[in-house]
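These notes are about the structure you will find just below.
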């Protein structure tokens, strides 16, 4: 059993004490534990190596998540319905009409005149005495043009629903084209029917042999003029007049011309750029932290990882992408995204704002041009390679470290098996030694007794 280099003084001292009779044998368990502690030192080193490797894998996992966030931010730059394609719509008279726009809306000014708003038709009955039995009453409702209705409902109140409230509840629980409510004033209670369809198509004509109905509000379409084109709308929310633009009508004034201005959403574009810069800087800072030297002149755990160096090189190369033929902006620097000494980006707000407010088309082309390839598509493709789950630099680094960790785990398992066998052998050996030491005092007594029994010798 190899125990070379071990300080055996304490063990030898125990044996000497046993020989001299000071103790009754040795503590086998303590002796074996002391020997095994020394023998296990290489295993402790293996475990520390595995812990270091697992720490590197964990750090790469964080970096991988930050890389994925950067990939998402880069895709937003090239997405034609993303943050750089947002639109705003403003109105010169918001009390008459307001507007909103999506990314498909063209940047332009439009003139809108609202003649009248769309209305929802209603009809109400004469006051209904509380003693009136409404069960079995028929109410006929026609929709649209009274002379040529587009639809009809025949409402027959169930025999058990005699009260006005019961009649209204029945109508509301059914699939008729109207809703019912009860209005009560000093004249009594009346049944009110309101069309579920706004505009002329929902105009109500209500008749009944038991109840007399009067039209409260006629259903009419909204009438407006958009850039000289007359438009009818059944609702006051107009989505078909201008592609990508929703007009919300607030009031009618045939003499008022309202200007609707559709423009780029520069606030959203600024936020999109800032989000990209933040995501990029997070990744670069992750990498920089590994190469920074601490107070003990030590770099981070990943400083020696070749995959990290490769990733850093790819990122710095990709962010420096330059292209011509998309307008006056050729790289991020020309847009105010300035690279710092540590590789991070800093936004020059005044330069960026100038690009957004004066040359938005060129700004957008730099990121989203198809031919030549804009920055968004280029950087997105680069990120797709960097974040590849099998061949990306981080993925390859993780795979290598996982293999190392598994190899160390196997070494630790093999070492542990040897240590178990060694501990058993040492226990057997020192148990035998202990048994011998425990028998030694008795043996010495027996020898002394035998010597005492020998006849005295007179000769020298």
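The values are calculated or read from the model by the stated rules, or taken from the named source; none is laboratory data. Note that this is a predicted model, so its numbers are computed, not measured. Backbone-built Cβ (ideal geometry, glycine too); neighbour counts: all protein chains shown.
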Picking from 118, 89, 99, the residue that is modelled with pLDDT of 95 or more, surrounded by 15 or more Cβ atoms within 10 Å (Cβ to Cβ) and under 30 Å from residue 377 (Cβ atoms) would be 89
Tally time: how many residues in region 141-161 are in contact (Cβ under 8 Å) with a residue 24 or more places away in the chain, surrounded by 13 or more Cβ atoms within 10 Å (Cβ to Cβ) and part of a strand (DSSP E or B)?
-> 7
Determine the pairs where a residue that is without any contact (Cβ under 8 Å) to a residue 24 or more places away in the chain, located within region 113-140, has a partner that is buried (at least 19 other Cβ atoms within 10 Å of the Cβ) with Cβ atoms under 9 Å apart, the partner being 6 or more residues away or on another chain.
-> 136/157
Scanning region 302-324 for residues that are in a loop (DSSP other than H, G, I, E, B) and modelled with pLDDT of 90 or more gives 320, 321, 322, 323, 324
Over 30 Å from residue 252 (Cα atoms), touching a helix residue (DSSP H, G or I) at 6+ places or on another chain (Cβ under 6 Å) and surrounded by 13 or more Cβ atoms within 10 Å (Cβ to Cβ), is that true of residue 189?
-> yes
Identity of the residue in region 249-262, within 20 Å of residue 106 (Cβ to Cβ) and surrounded by 17 or more Cβ atoms within 10 Å (Cβ to Cβ), that ends up farthest from the chain's Cα centre (by Cα) = 258
Residue match in region 237-244 (condition: surrounded by fewer than 16 Cβ atoms within 10 Å (Cβ to Cβ), in contact with a helix residue (DSSP H, G or I) (Cβ under 7 Å, 6 or more places away or on another chain) and in contact (Cβ under 8 Å) with a residue 24 or more places away in the chain) | no
Answer with yes or no whether residue 107 is within 21 Å of residue 207 (Cβ to Cβ) and touching a residue at least 60 places away in the same chain (Cβ under 8 Å).
-> no
Enumerate the helices (runs of 4 or more DSSP H) found wholly within region 349-460, keeping only those where 1 or more residues are touching a strand residue (DSSP E or B) at 6+ places or on another chain (Cβ under 6 Å), under 30 Å from residue 317 (Cβ atoms) and in contact (Cβ under 8 Å) with a residue 12 or more places away in the chain.
-> 360-368
The correct count of residues that are closer than 17 Å to residue 82 by Cα and in contact with a strand residue (DSSP E or B) (Cβ under 9 Å, 6 or more places away or on another chain) in region 265-283 is 9
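Conditions tested, residue by residue: (1) more than 26 Å from residue 285 (Cβ to Cβ); (2) surrounded by fewer than 17 Cβ atoms within 10 Å (Cβ to Cβ); (3) modelled with pLDDT of 95 or more.
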{"site": "328", "(1), (2), (3)": "yes, yes, no"}
{"site": "331", "(1), (2), (3)": "no, yes, yes"}
{"site": "339", "(1), (2), (3)": "no, yes, yes"}
{"site": "361", "(1), (2), (3)": "yes, yes, no"}
{"site": "375", "(1), (2), (3)": "no, no, yes"}
Residue tally, condition within 52 Å of the chain's Cα centre (by Cα) and within 16 Å of residue 209 (Cα to Cα), over region 124-182 | 5
Any chance you could count how many residues in region 329-348 are under 29 Å from the mean Cα position of the chain (by Cα), part of a loop (DSSP other than H, G, I, E, B) and touching a residue at least 24 places away in the same chain (Cβ under 8 Å)?
-> 4
